[in-house]
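Below is one structure, written out as structure tokens; comments come after it.
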Amino acid sequence: MKERNLPFGKPMVGPDEIGAVEKVLAQPKLVHGQRTAEFEVAFARFVGTTQAVAVSSCTAGLHLSLWASGIERGHEVVVPAMTHVATAHAVELCGAKPLFADVDPVTGNITAETVEAAVTTATSAILPVHYLGLACEMETIGKTAAAHGCTIIEDCALAVGAEFDKRKTGNLGTAGCFSFYPVKHMTTIEGGMITLNDDGLADSIRRKRAFGYDNQPSKRRQPGIYDIVDLGMNYRMNEVEAAIGLVQLERVESFIQARKRNYYGLRKRLEGIEGIRLLADQSGLSTSSYYCMNVVLTAGISRQVVTEELARRGIGYSIHYPKAVPLTSYYREKYGYEKGDFPVSEELAERSISLPVGPHLDEDDMRYLGDNVEGALIAART
Ligand SMILES: *Cc1c(COP(=O)(O)O)cnc(C)c1O
């Protein structure tokens with residue numbers, strides 16, 4: 001039965017990445033170097049922003065973006081109830097309060113309506129997450145943000161290359177944060193990037209990224225002499241990560257094309273199959289980066305049985321995400337949320353399965369996936 005082994009995600013690193021790493025390790029500059037600066041310039045060009053700041057993770061990027069934007073105790077930030085917990089944690093780390101917005105059942109994204117239902121007069125920022133790579137409807141969300149005087153920080157962790165109205169994600173708000181964790185669209189092992197068009201905010205983010213130094217080491221007139229002008233963390237990216245990122249960025253368009261080919265190959269096969277519905281591949285002016293194929297099981301079909309069947313057939317999968325964030329123990333105990341408060345997010349948490357479409361797989365793998373997903377659904381019904 002187990003004819004194949006198709007993992008959900010697999011980092012696409014090869015000889016070029018290994019060569020780039022060896023070059024870095026053969027010289028003494030492992031941080032504060034040229035590769036990080038080059039990676040920032042190249043990534044900003046890819047997204048279309050004037051600035052990019054490399055960081056140690058997307059979580060660090062979200063925290064820095066909110067922190068440098070002045071989000072602090074007493075502030076509120078709207079975040080989706082259906083997201084990676086990092087989105088909400090970044091708000092908590094600033095001492096601010098996350099306000100959870102439910103998501104649209106067709107796209108998995110927050111909308112102007114769901115934001116409107118969550119926002120209050122004390123809200124300072126909105127943190128849209130481009131869910132599984134599909135860009136949010138940024139025009140209407142932007143209008144809602146403007147009406148409430150809110151800054152927009154985008155969570156682009158799964159949205160490398162996705163667009164709204166022909167503009168790339170990461171260039172649709174005050175700042176956008178990307179993740180280079182191993183199974184995202186491209187990897188630096190751990191790592192992230194903040195993209196933005198505001199030089200002053202970029203300076204502030206750079207200071208907070210490295211202890212609040214007045215000057216980065218390369219700009220110091222006398223080595224070792226510096227002043228501290230701000231509170232800061234160590235959220236830097238190192239030169240090994242940046243060297244891998246530069247190679248990956250050159251390959252990322254081909255990764256996205258392979259995902260798109262796989263996505264539509266699988267989608268065609270799954271459309272119309274009984275027992276599931278598929279999240280939207282596009283919506284209005286929003287396009288996707290095709291992170292995965294998310295299928296939502298019809299009520300009554302056991303996800304436990306389906307996933308066991310998939311595993312038996314050698315098919316890797318992921319769950320996005322196992323709980324609506326406000327219903328995880330930390331947020332439930334702190335703010336008193338209850339089951340039923342975020343019905344759509346809860347439906348996705350309980351009934352959806354994410355299937356692989358990554359560039360490590362080919363069209364024939366998609367046929368195998370389609371046949372075996374259908375088989376798993378039949379097995380779960382009988
Ligand atoms: C992966 C992910 C993050 C966290 O990224 P890290 O680089 O691991 O910190 C945040 N938000 C979303 C939507 C993600 O998928």
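Hey, any hits in region 260-273 for a residue that's in a loop (DSSP other than H, G, I, E, B) and free of Cβ contacts under 8 Å to residues at least 40 places away in the same chain? Yes, region 260-273 contains a residue that is in a loop (DSSP other than H, G, I, E, B) and free of Cβ contacts under 8 Å to residues at least 40 places away in the same chain. The selection criterion, being within 16 Å of the ligand (Cβ to nearest atom), within 20 Å of Ala68 (Cβ to Cβ) and in contact (Cβ under 8 Å) with a residue 12 or more places away in the chain, holds for Leu172. Figure legend. Inter-residue proximity from region 52-64: first residues without any contact (Cβ under 8 Å) to a residue 60 or more places away in the chain, second residues near the ligand (Cβ under 8 Å from one of its atoms) and acidic (Asp, Glu), beta-carbon distance below 8 Å, spacing 6+ or different chains. No pairs are indicated. With the structure loaded, tell me whether Glu137 is acidic (Asp, Glu) and more than 14 Å from the chain's Cα centre (by Cα) or whether it fails that test. Considered against the rule, which asks whether it is acidic (Asp, Glu) and more than 14 Å from the chain's Cα centre (by Cα), Glu137 comes out as yes.
Out of all the residues in region 274-290, is one or more of a type outside the set (A, V, I, L, M), without any contact (Cβ under 8 Å) to a residue 24 or more places away in the chain and within 30 Å of Ile18 (Cβ to Cβ)?
For region 274-290, residues of a type outside the set (A, V, I, L, M), without any contact (Cβ under 8 Å) to a residue 24 or more places away in the chain and within 30 Å of Ile18 (Cβ to Cβ): absent.
When you scan region 128-137, do you find a residue that is crowded, with 21+ Cβ neighbours inside 10 Å, assigned to a strand (DSSP E or B) and away from the ligand (no atom under 16 Å from the Cβ), even just one? Looking through region 128-137, none of the residues is crowded, with 21+ Cβ neighbours inside 10 Å, assigned to a strand (DSSP E or B) and away from the ligand (no atom under 16 Å from the Cβ). Determine whether Leu6 is surrounded by 18 or more Cβ atoms within 10 Å (Cβ to Cβ), away from the ligand (no atom under 16 Å from the Cβ), under 29 Å from Arg351 (Cβ atoms) and not hydroxyl-bearing (Ser, Thr, Tyr). Against the criterion (surrounded by 18 or more Cβ atoms within 10 Å (Cβ to Cβ), away from the ligand (no atom under 16 Å from the Cβ), under 29 Å from Arg351 (Cβ atoms) and not hydroxyl-bearing (Ser, Thr, Tyr)), Leu6 qualifies. Within region 333-382, the set of residues being free of Cβ contacts under 8 Å to residues at least 40 places away in the same chain and among the aliphatic types (A, V, I, L, M) comprises just one member, Ile378.
State which residue is surrounded by the fewest Cβ atoms within 10 Å (Cβ to Cβ) when the search covers only region 324-356 and only residues that are in a helix (DSSP H, G or I) and of a type in the set (Lys, Arg).
Step by step, filter region 324-356, then rank; the result is Lys334.
Of the residues making up region 198-233, those that are surrounded by fewer than 16 Cβ atoms within 10 Å (Cβ to Cβ) and either aliphatic (A, V, I, L, M) or in contact (Cβ under 8 Å) with a residue 60 or more places away in the chain (or both) are Asp199, Gln216, Pro217, Ser218, Ile225, Ile228, Val229, Leu231. In a residue-by-residue description of region 149-164, the property of being among the charged types (D, E, K, R) and more than 29 Å from Lys10 (Cα to Cα) applies to no position. For the condition away from the ligand (no atom under 16 Å from the Cβ) and crowded, with 19+ Cβ neighbours inside 10 Å, Ala101 does not qualify.
No value in this document is a laboratory result; all are computed from the given coordinates. All of these numbers come straight from a predicted model, not from anything done at the bench. Cβ sites come from the backbone with ideal geometry, for glycine too, and all protein chains shown count toward neighbours.
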